[in-house]
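Visitor: For reference, the structure I am asking about is given below.
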Amino acid sequence: MKFEVRSAKFEVQRVLIGLTVAVSLATAGVMAQQGPDRSKIPEPGAPPALKLPPIQKRTLANGLPVWIVEMHEVPVVNLTMVVKAGAAADPNGKYGLASFTAAMLDEGAGSKSALELADAVEFLGAGLSTGSSFDSSSIRLQAPVSRLDDALPLMADVLMRPAFSQAEVDRLRKERLTSLVQTKDNPSALASAAYARLVFGPRHRYGTPAMGNQASNTEMTPADLREFYTSYYQPQNAHLIVVGDVTAATLLPKLEKTFGSWKNGTMPAKPVVATATQHGPRQIYLVDKPGAAQSQIRIGWVGVARSTADYYALDVLNTVLGGSFTSRLNSNLREEHGYAYGASSQFDMRLSAGPFVAAAGVQSDKTVESLKEFFKELDGIKQPIPADELKRAKNYEALGFPAGFEATADMAGNLIQLVVYGLPETFFTEYVPKIQGTTAAEVLKAAAQYIQTDKFAVVVVVGDLAKIEKPIRDANLGPVRVVTADEILK
Amino acid sequence: MAAGLALCLATTPSAQQQTARQITVPYQMFTLANGLTVILHEDHSVPVVSINVWYHAGSANEKVGRTGFAHLFEHLMFEGSKNVKEGLFDSVLEAAGGGNNASTANDRTNYYIDVPSNALDLALFLESDRMGYLLDVVSEQMVNGQRDVVKNERRQSVENAPYGMADPKIYELMYPKNHPYHWPVIGYMEDLTAASAEDVREFFRKYYAPQNASLVVAGDINTADVRKKIEHWFSDVKPGKPVDPIEVPPVALPGVVKETLTDAVQLPRLYLAWVTPALYAPGDAELDVAASVLAGGKNSRLYKRLVYDMQAAQNVVAYQSSNGLGSMFRIEVTARPSSDAPGASLQKLKAVVDEELSKLRMTPPDAREVQRVLNQTEASFFNRMERVGGFGGKADQLNGYWVNAGNPDWFAEDLGRYMTLQPTDIQAAVIRWLVPDRRIELMVLPKESK
């Protein structure tokens, strides 16, 4: 619904500070005889167990692993072909190649043009999408089960027979270049791009968006795309995930027939993204956005890889700091001070160490005050966390876990994480006890190691420098450098 | 409503009708003595329950000088109530592994709490306490706190968002000053500044009484048990007075209304908007389909010409934005960088849009073109069955159909509005509603870059 205003929970919301501890006992006798006892907040009973359907693991004759999870509630099916190569495999100077390759897969394939393919998919009431992240690429088909037999060959065309025609590459190139130009319009997108560049630098892959930049997208040829495709789109580097109203027994022969002719070739060694160098003392960067009503703030440094041994401690730590509505950052910047619609933090865990970032859009005239509050909370998290706050964070993560398996796309998303990050299936059953078993000491240790505000190399503020530059310099929060959007997006 | 069609089922007409009959969400409904309508639906796929409340009031119920108030009020609903001290609403829900949110629209405000099924009593307690006892704790300080948050929400979604000023402008141009859709849901800054605790009390008494609300509890529940729990928690909420229907002046554009804005953007964008039939009124579904024929997917008429063939536009969207007191149909085209001046490039794009609209007026769309849209519409109804909670889950949909159609399980009827349409119906709606000489034409041009 286009015009409604909402307070999206994870970025935003309400609550107030209120340091007074109101006694909530004064209700008895107020209501009629039948009224409920509101003097005590109802305590939830024992949490329900999550009963997950089994992952049925199969392999096609060409070696392609297939995982099938049956969910029969709605007559739909979700198939995701995960290809274990993404932007991290982009060669130097060709940043954006994985992204461009994935985007081209459905722009003409098999005997069908881009338009014919789109028409065929839509006519089935299906959805077929392609995409890539730093760590993987994927082709996703969502279809009514009654149309699956007609939709599978279309998915196979896109996977196995993409055309990469010059005309379509040139057309899509213009779209991508225009979209990159539009990054400048969106202060939040610009701040995130600037932050990545300033944390990781121009030579580390994470310092440039997965989509690449103007120069790299301008130069890419159909031959480049085809080379990336041939190198990495192979059964030995892929994994098919199927979730929905199907049975393994009837589906498997169809998958064999559809994808069985997909052959392995030689595969080059996949480039591994090196762990980025951590930064030295704090540096503040400003990007001008004349007339901006808010300043976009990003604070942090290099975080951790998904393989970190501190995964659960960091999950709990971040929930307390900026990963939930009642987190300290949101409570402070939104509820206590009203400087922002919402404030949050995140460890973006990838195959290599991704960024840790604390973020908010704050009203321009409170930029310095907001920066100070950010540092107050980032420093404060290194003190022992009160037991009830820690318990709330653990419960929020652990007890909320089952809700993340409801729809076919949710289930598929969870399975994709296992595949891309090489996690054991037991991750699903271990998650709740491991979160609940995380100790205060472990969280404290993680905070000391991963949140060091004196070293946070990067504080990025995108805002109206005419208003905010002098106050920020005067606040002596660290050395200040002004950078241009063009410099960042180069 | 819902130009954002997702995906679908294809078939012969008879098979479609059969499928349409299959789309049903079983429910039980009853009304408490205080007037609260309750709808229950069981779905045990995951151990989660959703508590979904619609209050039948939105920005259309605001008074002059207090625009944005329904939404500001929504924020206050999370700040505590008589037996839930400030901050506790969210913290006890998080401690139970639950989530919550709300949204305000022109005609209604909806709230949801999603919790693991063991926390059902907690959620019902919180929901009933704020329905019954919000005013016990409302203070100026509470209003002040959320006023600042909401102003930042406005800055984020309007002032600081690319093209963010276009939307409020279109509503101002389309609706007369005394029409409640004239002002934006988020409100004007000066009106947000003016809002007081007394306004909160007045709005609550007028619009937040149980007979002006409906409660859906859906998910991993036992219907008989949950009914008792609801009677327990909500029976002491006092009834209020009936709400008078809103009287609205007629809406009619005098001709082509032209306006130009400048913004800190790289690319110029053209907005066209027409006055169209209200949600579920005759013509509403036809215009949803027309929107997809025009701009849904690569083969749609405007996308194919402007974006795919000419490559003169970065994107084009078309949608019927439906509301209870009237709707608007929108087409938005963003120009690619070109050697033309921004205004001139938009004129060229507009000429192509008009050519395509004119073709649709002269000749009905192809049968396959319409069938492709209907197949996607049908599939979208199935995809919408996958989630119980949150915005747009089954609980929210049951409430929406109850409020807007008078029947919670209106899924098949709603789908039927589309599946019976013929190409000539789409043509007729385009002729009747998307007229060339009465519409809004808004251009957003880039400010001089420095």
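Visitor: Among the listed pairs A:LYS490/B:LYS350; B:LYS63/B:LYS241; B:LYS350/B:LYS447, give every one whose C-alpha distance is greater than 29 Å.
Guide: Cα-Cα > 29 Å for A:LYS490/B:LYS350; rest within.
Visitor: Another question, if that's okay. Applying the Karplus parametrisation 6.51 cos²θ - 1.76 cosθ + 1.60 with θ = phi - 60° to the phi angles of the stretch A:108-115, what ³J(HN,Hα) value in whole Hz is obtained for each residue in order, glycine and proline being reported as x?
Guide: In residue order, the calculated couplings are x, 7, x, 8, 10, 6, 4, 5 Hz.
Visitor: On C-alpha positions alone, give me the angle between the axis of helix B:140-154 and the longest principal axis of chain B, in degrees, nearest 10.
Guide: 20 degrees
Visitor: Taking +1 at the Cβ of each Lys and Arg and -1 at the Cβ of each Asp and Glu, which of B:VAL316, B:SER327, B:VAL388 sits farthest along the dipole of the stretch B:256-446 towards its positive end, judged by Cα position relative to the Cα centre?
Guide: B:VAL316
Visitor: Using the Cα centre of chain B as origin and beta-carbon charges of +1 (Lys, Arg) and -1 (Asp, Glu), tell me which of B:LEU253, B:GLY240, B:MET142 is placed farthest towards the positive end of the dipole.
Guide: B:LEU253
Visitor: Around B:ALA395, with a cut-off of 11 angstrom between Cβ atoms, what is the net charge of the other residues, counting Lys and Arg +1 and Asp and Glu -1?
Guide: -1
Visitor: Here's a follow-up. Given H placed 1.01 Å from N in the peptide plane, which residues other than close sequence neighbours of B:THR260 have an amide H under 5 Å from its amide H?
Guide: B:MET443
Visitor: Through the Karplus equation 6.51 cos²θ - 1.76 cosθ + 1.60, θ set to phi - 60°, convert the phi angles of the stretch A:346-357 into ³J(HN,Hα) values in whole Hz; use x for Gly and Pro.
Guide: 7, 9, 8, 8, 10, 4, 10, 5, x, x, 9, 9
Visitor: In terms of the Cα gyration tensor, with a ≥ b ≥ c the square roots of its eigenvalues, is the protein assembly as shown rounded because a/c is under 1.5, prolate because a/b exceeds b/c, or oblate? Could you put the intermediate results ahead of the total?
Guide: Details: a/c = 1.22, a/b = 1.10, b/c = 1.11.
Since a/c stays below 1.5, the shape of the protein assembly as shown is classed as rounded.
Visitor: Taking the beta-carbon count within 10 Å as an exposure proxy, list B:SER339, B:SER235 from fewest neighbours to most. Before the final figure, lay out each step's value.
Guide: Details: B:SER339 6, B:SER235 19.
Ascending Cβ contact count within 10 Å gives the list B:SER339, B:SER235.
Visitor: Could you size up the charge dipole of chain A around its Cα centre, putting +1 on the beta carbon of Lys and Arg and -1 on that of Asp and Glu, and report it in debye to the nearest 20?
Guide: The calculated dipole for chain A is roughly 820 debye.
Visitor: Suppose every Lys and Arg Cβ carries +1 and every Asp and Glu Cβ carries -1, with no other charges. What dipole size does the stretch B:69-115 come out with about its Cα centre, to the nearest 20 debye?
Guide: The calculation lands at about 140 debye.
Visitor: If you don't mind, there's one more thing I want to ask. Could you work out which residue, out of B:PHE125, B:PHE234, B:PHE30, moves most in a Gaussian network model of chain B, that is, has the largest mean-square fluctuation with Cα springs under 10 Å?
Guide: Result for chain B, Cα springs under 10 Å: B:PHE30 fluctuates most.
Visitor: Using only the alpha carbons, work out the radius of gyration and Dmax of the stretch B:340-384 in angstrom.
Guide: Over the stretch B:340-384's Cα set, Rg and Dmax evaluate to 16.2, 46 Å.
Visitor: If you place +1 on the Cβ of every Lys and Arg, -1 on the Cβ of every Asp and Glu, and leave all else neutral, what size is the dipole of the stretch B:34-234 about its Cα centre, to the nearest 20 Debye?
Guide: Working: 18 positive and 28 negative charges, 100 e Å.
That gives a dipole near 480 debye.
Visitor: What is the local net charge at B:GLU356, summed over the other residues whose Cβ is closer than 9 Å to its Cβ (Lys, Arg +1; Asp, Glu -1)?
Guide: Combined, the nearby Lys, Arg, Asp and Glu give +1.
Visitor: Here is a follow-up. Within a 10 angstrom radius of the beta carbon, how do B:LYS304, A:LYS263 rank from fewest other beta carbons to most?
Guide: Arranged by neighbour count, lowest to highest, B:LYS304, A:LYS263 become A:LYS263, B:LYS304.
Visitor: For each of A:TYR229, A:TYR339, count neighbouring Cβ atoms within 10 Å of the residue's Cβ, then give the residues from fewest to most.
Guide: Working: A:TYR229 21, A:TYR339 25.
Ordered by Cβ neighbours within 10 Å, fewest first: A:TYR229, A:TYR339.
Visitor: Testing the spin-label approximation: label points 7 Å from Cα along Cα→Cβ at A:LEU52 and B:HIS44. State their distance in nm.
Guide: So the two model labels end up 2.1 nm from each other.
Visitor: For the protein assembly as shown, give me the percentage of DSSP beta bridges that are antiparallel, rounded to the nearest 5 percent.
Guide: So the antiparallel bridges amount to about 75 percent of the total.
Visitor: If you fit an axis through the alpha-carbon atoms of helix B:120-133 and take the longest principal axis of the Cα set of chain B, what angle between them do you get, 0 to 90°, nearest 10?
Guide: 90 degrees
Visitor: Under the classification rounded if a/c is under 1.5, otherwise prolate if a/b is larger than b/c and oblate if not, where does chain A fall, given a ≥ b ≥ c as square roots of the Cα gyration tensor eigenvalues?
Guide: Here chain A falls in the oblate category.
Visitor: Here is a follow-up. When you look at the Cβ of every residue in A:74-83, what mean number of other chain Cβ atoms sits within 10 Å?
Guide: The mean count of partner-chain Cβ atoms within 10 Å per residue comes to 2.
Readers should treat all values here as calculations from the given coordinates under stated rules, not as data from a laboratory. Just so we're clear, the structure is a prediction, and the values are computed from it rather than from any experiment. Methodologically, a virtual Cβ is constructed for each residue, glycine included, from the backbone with ideal geometry; neighbour enumeration extends over all protein chains shown.
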